[in-house]
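Presented below is the structure to which this report refers.
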Amino acid sequence: MTNRGFVLATRNEHKLRELAEILPGVELRPLPERVEMPPEDGDSFAANALIKARAAHAATGEAAIADDSGIEAAALGGRPGIYSARYAGEGASDEANLAKLLAEVAAAGGDRRAAYVCAIALVGEDGAEEVFEARCEGRLIEAARGDGGFGYDPAFVPDDTGPGDERTMAELSAAEKHAVSHRGRAARMLAARLGAGEGEPR
């Protein structure tokens, strides 16, 4: 895979590290400090990813990639969804967001099914846009477990590690997580696209 590199429209070090691991052939540059990102006020993961990628492209003139992701709990009608990063309020910690989600799921009657969703937007140097979206189905356990990952990972057990595997996303190795995660799947879709297009959207 060859490309001239991309600005990654995030200052989230966890996302930057994960995408760099999933896309080893792609040069990802962090968002310059001078770039101020607009509010993420879209009505979907794809819309928010595009907002960020467009802003990074407009500010730098370079091809840009942005990710928007979150978790949807069946018992809560799909919440927190696009509000996952700030579910317990603006600036809330991962721990606070997770505690609120687990408390609300428990109070809602016990349906613990959930899905992680990730949309990755690509805006080329010429402004051409594409979005790659993927899901990871699983369930929420009652108490956090594991030291890896971030966000809601310590309470999310993915289906695709197989029956009988009770490990949370936070207990998987990086390679195991990337193989089944929403972000890993969306990133592989992006990687396949870049491999066909020399790093630029058609």
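Dipole magnitude for the chain: computed about the Cα centre from +1 point charges on Lys and Arg Cβ and -1 point charges on Asp and Glu Cβ, it is near 80 debye. Note on region 16-107: with charges restricted to the Cβ of Lys and Arg (+1) and Asp and Glu (-1), its dipole about the Cα centre is near 60 debye.
Put simply, when 140-153, 179-192, 111-124 are sorted by average Cβ atoms within 10 angstrom per residue, most first, you get 111-124, 179-192, 140-153. Normalised Debye scattering of region 6-197 at q = 0.09 Å⁻¹ gives log10 I(q)/I(0) of -0.32, counting only Cα atoms as equal scatterers and leaving out solvent. Over the residues of the chain, the helix contribution to mean residue ellipticity at 222 nm works out to -10000 deg cm²/dmol, using -39500 (n - 2.57) for each DSSP H run of at least 4.
Laboratory data are not the source of any read-out in this text; all were calculated from the coordinates shown. This one's a predicted model, so the numbers in the text were calculated from it and none came from an experiment. Cβ coordinates were reconstructed from backbone atoms using ideal geometry, including for glycine residues, and neighbour counts include every protein chain displayed.
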